[in-house]
Amino acid sequence: MRKRKPRDQSTANHAQNVTGNVVQAGRIGSVYVHHAPTQVARAAAAVVTRVRPEATAGEVFVGRSDEMERVLSALDPGDAVGAGASGVVVSAVAGMGGVGKTALARHAAVEAARRGWFAGGVFWVDLQGYSPDGQVSATAVFGPLLRRLGMPDERIPDDPGEQAAVYDEVLTELAVRDRGVLVVLDNASAAAQVRGLLPGAGPHRIVVTTRDTLDLPHARRLSLDVLALGAAVALLERALHEQDPDDDRIGTDPPGAGKLAQACGGLPLALRIAAALLADEPHLGPGELAEQLRQAPGVEGYAHGEQALAATFDLSWRRLVHLHPGWARLLRLLCLDSGPDTSTEVAAALADQSTAHVRVGLRALRHAHLIRVVGPERWGLHDLIRAHTGTRHAPDLDHEQLRTAEMRLLDHYTTTTEHANVHLQALAGQSVPDRFAARQEVLEWLDAERATLIATVVHAATAGYHAHAVRLGIALGEYLRLRRYLTDLITVAEHAHTSAAHLTPHRSATTANNLGAALRQVQRFEEAITFYETALRLLKEAGDRRGEATTWNNLGTVLQEIGQLEESVAAYGTALDLMRKVGDRQGEAVAWTSMGVVLWRMGRSGEAVTAHETALGLFRQMGDLHGEANALGSLGVALVEVGRLEESVTAYQTALGLSREMGDPRYEANAWGTLGLALRKAGRFEEAGRCWERARDAFSATGDTDNVDLVDSFLHDLPGHPDKGALPE
């Protein structure tokens, strides 16, 4: 075969300048091993093997059917689309070593060999792109690969640039003879390792696995994610059976298997290590192992023999520190965020940089597959990456700097949530912080950050940031109640109250009151009463008469709900007395409204009407339109019971008009709902149904799902409700 100049002279010259001549080290079995001359530092040997159809026999491989189909589609010589592409890049989501890139490529290569797609052969090269002992360059691959393609030693040039030209000629001749070649280049860390090995055209294919985003034109890109829970459990079970076919601990303990799969984060390497650990200890349950792995520092527990998750992750971390120390610092800072993902805005607060600047770093980490995109301006960090990186030292980032960054994070979440809470509870015309433009924007932000905010309260309480835990816990209460996230509401209230014990008695009283309100929401009434009584004692000791009055009002509501109506009247009476003494007319009006409700429940509807009319007068004196609308709604209920139906409808219609005037969707929703109740009582079923339909839409717009369900039940029970009827004006 005639030697000629390489197709890319600059590539050939660069290869010669960098590596010099390639020297054959010898042959081991059927594998040829070549390396560069000894004067080139850290040059790694290239090992080229032929892939056989039976190469993966018995190997556990689950949960990758869709990804396998995509790779095979790119490899299929009969695929017209694939025929024009130079290959497919298989890369890992979040840059995680151990996600199964190599396993997928190996199974795809074996399947391609089994189907007889590549008459010229299927070959495998480990480029060792993340090895601390040095990477394999493209020039180190030409010689061994030419030998595997059948070229005698004496016809292979010594010069790497000429080897590249011969490699190109061989592939061209094989293409003419319709003998396609598949080469799998495993563990590439840079496009330079790959470009010289890409075929120019023809039936040849290249599969590349990498932890980075490589600049490979015309390549199909496939990012591997971790396994879903079901597939992760299946991998655990099959990997355990691989070592002991009679071991059924995974199949007989679904909850424990699920916990172990979750502890492994769906990462195939972690799952295989966990299965091996189980095989070593026959009396260890999968749930127990999951707990042990979570308790181990970092990811040190994920180790078995030569397999260790920490060692795999360290390769990516060391490379990042060496090449991009600023990005390494950013990744370490992201580990301080307690939630499942982080916004660009929060990352900027952590790094103390502008969002424009930090966004560049976040994208770089995404390209390195160390974080993943989970939504607009939102970035996810896998739990195991977080656990590993959180134990590593980043350049120029000491303990004090980490603590300062954590304080910036807590300040950001707390202040922003407090601003959001002001918006949620603001009356019409009340000034609000300009952090949010509208109520809908507030709800969208809280919805996006909810999981993180809950985790932040828990972390702040357990890590000793008690002031932040209390402030953030208090600020979240209205939102969690509105969205009916009652379990979260309890969690937040409990941790805030625990932290308040480290602050002042008054803070403890406030959080005890909030915890009582949260427990009331889930009908844990006796516990709620206990915390209200605690709050009353602390408030009395602190001399906060107004706080006492508010808590007596709250206690009265719980007593009413458990049927202790006389005790409820007494509690409301105490609240009224205290409100009068401190001159809080608004608090007095609220207490009168509460008193009216319990009197109505006791059948004392005439007294209830008087109580609500008293509240209504007070609200009108103060010009409190929201209070007036509430009082009118409660008054309407009592008027129905005393037979004054038309007055009741008038009261509700007035309340509806006030709600529209205030432009408050919450009050308008309540007004439509209560007007429907009055109309139903009056036998005006069509109008009642139309009111409830409006109420349902309004409650839905505010995110009040509980009241949506309640109104739906009213509609369902409405006798002969047709989808028609005029709305009352």
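The values are calculated or read from the model by the stated rules, or taken from the named source; none is laboratory data. Keep in mind that this is a model prediction, so the values were computed, not measured. Note that we place each Cβ from the backbone using ideal geometry, even for glycine, and neighbour counts take in every protein chain shown.
A few comments on the model shown:
- Selection status of A94, modelled with pLDDT of 90 or more, of a type in the set (G, A, S) and either touching a Lys or Arg at 6+ places or on another chain (Cβ under 8 Å) or under 27 Å from R363 (Cα atoms) (or both): no
- Matching residues in the stretch 37-91 - criterion: being of a type in the set (A, V, I, L, M), at pLDDT below 50 and in a loop (DSSP other than H, G, I, E, B): V40, A41, A43, A80, V81, A85
- Matching entry among A589, A517, A571, A542 (being within 28 Å of L632 (Cβ to Cβ), of a type outside the set (S, T, Y) and surrounded by fewer than 24 Cβ atoms within 10 Å (Cβ to Cβ)): A517
- Identity of the residue in the stretch 292-319, among the hydrophobic types (A, V, I, L, M, F, W, C) and without any contact (Cβ under 8 Å) to a residue 60 or more places away in the chain, that ends up farthest from A263 (Cα to Cα): A311
- Within the stretch 366-406, the only residue that satisfies the criterion of being surrounded by fewer than 16 Cβ atoms within 10 Å (Cβ to Cβ) and touching a Phe, Trp or Tyr at 6+ places or on another chain (Cβ under 7 Å) is V373.
- Tally of residues being closer than 22 Å to L536 by Cβ and modelled with pLDDT of 95 or more across the stretch 478-491: 2
- Which numbered condition G202 misses (of (1) touching a residue at least 40 places away in the same chain (Cβ under 8 Å); (2) in the same structural domain as G78 (by TED's automatic domain parsing); (3) in contact with a Gly (Cβ under 8 Å, 6 or more places away or on another chain)): (1)
- Considering the conditions (1) touching a Phe, Trp or Tyr at 6+ places or on another chain (Cβ under 9 Å); (2) outside the structural domain of I250 (by TED's automatic domain parsing), E300 is excluded by exactly one of them, (1).
- When the helices (runs of 4 or more DSSP H) confined to the stretch 506-603 are screened for residues that are of a type in the set (D, E, K, R) and over 21 Å from G627 (Cα atoms), those reaching at least 3 such residues are found at 525-542.
- Residues that are in contact (Cβ under 8 Å) with a residue 60 or more places away in the chain, closer than 19 Å to S343 by Cβ and not hydroxyl-bearing (S, T, Y) do occur in the stretch 438-447.
- Residue satisfying all of: in the stretch 297-322; outside any helix (DSSP H, G or I) and among the charged types (D, E, K, R); farthest from the chain's Cα centre (by Cα) among these: E306
- Residue check, P217 over 18 Å from H382 (Cβ atoms), touching an Asp or Glu at 6+ places or on another chain (Cβ under 9 Å) and assigned to a loop (DSSP other than H, G, I, E, B): no
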